[in-house]
Each structure stands twice: as structure tokens, then as C-alpha cells.
Amino acid sequence: MRFLITGANGFVGKALCAELLRRGETVKAAVRCANSSVGGAEKIVVGAVDDDTKWSDALHDVDVVIHLAARVHVMRDDVADPLAEFLKVNLHGTENLARQATQAGVRRLVYVSSIKVNGESTADIPTLSPNPSPIRGEGKSVFSELDEPNPQDPYGISKWRAEQALHRIAQKTGLEVVIVRPPLVYGAGVKGNFISLMTAIDKGVPLPVAGSNNLRSLLYVGNLVDALIACATHSAAAGKTYLLSDGGDISTAMLAEKIATALGRKSRSFYFPPSLLRAAAAMLGRSAQVDRLFGSLQVSNLKIRNELGWCPPFTLEQGLRATAEWYNRRI
């Protein structure tokens, strides 16, 4: 099968290209800059992804596109109109790619969206399901594909609008669209909050997370790559939306312990009343970071398991161990 991977030099893109090549597939790697490294894939420079991007060379003789390129979520966005900037890439750039893909004879497009389409936390979920799945603790539920979309920030809104646009194009053209919504992805090359947490634990920084009883779903990059390939190749995936996770939800306190173990360090977590921490964070403009530490966000991966027979090939412990090995090599 012949693949085009957009965002191929990113955190997920590199892992995806490497795995596809290992499986003997033909891979084109679409990148923004000529100096990007894509391993053994055929590199195609497309420049910025927006509604003016020319995809003809990249899409020639391609069966499946896996669309990873995006303007990603940032904690502090200093542009004048963040939503407009997200829509420029994530909506209009995606629509443009999908239209050109249909003209080029591409059969399927797998779109990597975000769990942020569902919402920010699994508390008081608005749901279309008559039987939402309860979990232990505080009456929360688990995000599923049946939930009514509830994006809360410009990034999540842009991803949801891109999903809607792809479905419209699919209905008009017959393009097979598959959408996946991953939660936080970790693994070799991870950035953002996860690498910050690893660095703090590695340096012995005391963290006020002991006793936290929240539950969060994570996704190891190796599991995401395996799921994306299943979505690209399985006949039953066409037209579907899937939520992904490692399958073993974990509290922030336990995650800190497991990261410390993987790094060969001692966890220095301590208890601090979450209500006081939230109050202090609100005064400092850091409420979002604290919500991520103590909030719950759980994802059900039952649909992709049942429909595609997919099972995460790596456990949480294996994923954290591989991430720690990469972390230790880089310093």
C-alpha cells in the first residue's frame, strides 16, 4: 500500500513513517522544510499547510493519506486571534488536502483529531448515549464516540470543525474518512507537559500530587502508530470515528511514581490540599495546569477494539520505560 504522511517529521510522524517502512510499505513524507529528516521515506516539501498548499506531487500514486500536520495546542497563545490561526491550518488546510486527495484518486484519509473535541474533562459529560458508562469515583463517565462534541478552546474547536468538513467531503465524493481522537500521547520525542513532568521528577523536584485520586487516559506513541495503521488498512474503519488510549487509566500521583521508577529515581511527591493549590493557581493564571494535574479525563477504546479487533501492543509500563530510555539518552 502507498501512504502519504503529513507532518512526517513530527513526534508522531517520525514513529509512524519508521513503522510503515519496517512493515515494507511505500511511504511519502510531507514536510514543511527541505532540511527535515524523514528517515528512509520519500521526502516531499509542501511548505505551510493551509488552503493554498499544493499537494499534487505528494498525492501522486497514493492510496492512503494519514494527516498529522496541524497547528498544535499551546498553553499561552500570543496571536491576536487564536481561533483564526487554528482554523487556517486545522480546518482550511485539512479541507484543501481532502479535496485534492479526492481529485488525485486517493481512497482513504485518516485524520488525527483530538480528545479535546469531546471536552476537557470527564465530569458532567453531555452525552448522546442513553446509557453512559459510569466509572468509580465522583459520578464521572468515560469519554466515548457517543458523546456530544464539546470543544472548549480554539484548538479543540478547529479540530471539531475539520472533522465536520471531512464528513461533508466524504458524502459528496466517496472519500473514505477515518477520524481518531487521541488523548495525551507520550513516547520518544515527547514535548510539552509530559517532558516537563519527567524533567522535574528526574531532578528531584517535590511535586504536590501525592494522594490525587483523579484518573487520566494516556496513549503511548507506539500504540497510536499501530492504531493509525489499522485505521488506514481495515475495511471496517471507513467512515468511522475512534477514541484511543493505552487502556489502563492512572492517577497523577501514580503516574509520577511510575515515571520515577522508569527513570530509576525516587519520587518526591507530597500532599497539598488541591483546593488551596487551585486557589493559588487562579491568582497566578495557572488554573489550566492545575486542572491537568488533578482533573480526570478517561477515554474508552472499546469501539476500535470491537470493530477492528485492535488491541494496544504496548502496556503503560512498557511505554513509560521506552520513554525513560529515550529521555536518558538525550541528556
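The values are calculated or read from the model by the stated rules, or taken from the named source; none is laboratory data. Nothing here was measured: the structure is a model prediction, and the numbers come from that model. When we count neighbours, we look across all protein chains shown, and the Cβ atoms used for this are built from the backbone with ideal geometry, even at glycine. The area values use the complete protein model at the heavy-atom level, side chains included, leaving out ligands, DNA and RNA. Shrake-Rupley method; radii C 1.70, N 1.55, O 1.52, S 1.80 Å.
Here the chain is treated as a Stokes sphere of Kirkwood radius computed over C-alpha pairs; at 25 °C and 0.890 mPa s its diffusion coefficient rounds to 119 µm²/s.
The 1.4 Å probe gives accessible areas that order 88, 266, 116, largest first, as 266, 88, 116.
Computed from the alpha carbon atoms alone, the convex hull of the range 264-331 holds 168 Å³ per residue. Phi angles of the range 175-184 translate, via the Karplus equation with coefficients 6.51, -1.76, 1.60 and θ = phi - 60°, into HN-Hα couplings of 4, 7, 9, 10, 10, 10, 10, x, x, 4 Hz per residue; Gly and Pro are given as x. Taking the C-alpha atoms only, the angle from helix 11-22 to the longest principal axis of the chain is near 60 degrees. Size of the range 1-81: Rg and Dmax of its alpha carbons, in Å, are 13.4, 45. Quick check on my link table: of 14/54; 88/303; 14/116; 88/172; 14/203, which ones sit more than 25 Å apart, alpha carbon to alpha carbon? Violating the 25 Å limit, Cα to Cα: 88/303; 14/203. Remark: the range 205-312 carries 43 Å² of accessible area per residue (probe radius 1.4 Å; ligands, DNA and RNA excluded). Estimated from the Cβ-Cβ distance and a Förster radius of 30 angstrom, the FRET efficiency linking residue 272 and residue 325 is about 0.45.
If one computes P(r) from the Cα atoms of the range 149-286, what percent of pairs lie at distances over 19 Å? The calculated P(r) of the range 149-286 puts 65 percent of pairs beyond 19 Å.
Within the chain, DSSP assigns beta bridges of which about 10% are antiparallel (rounded to the nearest 5).
Helix 221-233 and the long axis of the chain differ in direction by around 30°, with both axes built from C-alpha atoms. The order of 2, 265, 108 by accessible area, most exposed first and with a 1.4 Å probe, is 265, 2, 108.
Label zone (residue 195, point 7 Å along Cα-to-C-beta; backbone nitrogen cut-off 16 Å) within the range 8-40: 9-15, 37. Extending 7 Å from Cα along the Cβ direction at residue 34 and again at residue 236 yields two label points whose distance is 4.7 nm.
For residue 177, the residues 5 or more places off, or on other chains, whose built amide H falls under 5 Å of its own are 109, 239.
Here the contact order of the range 205-317, divided by its residue count and restricted to Cα pairs under 8 Å and six or more residues apart, works out to 46 percent.
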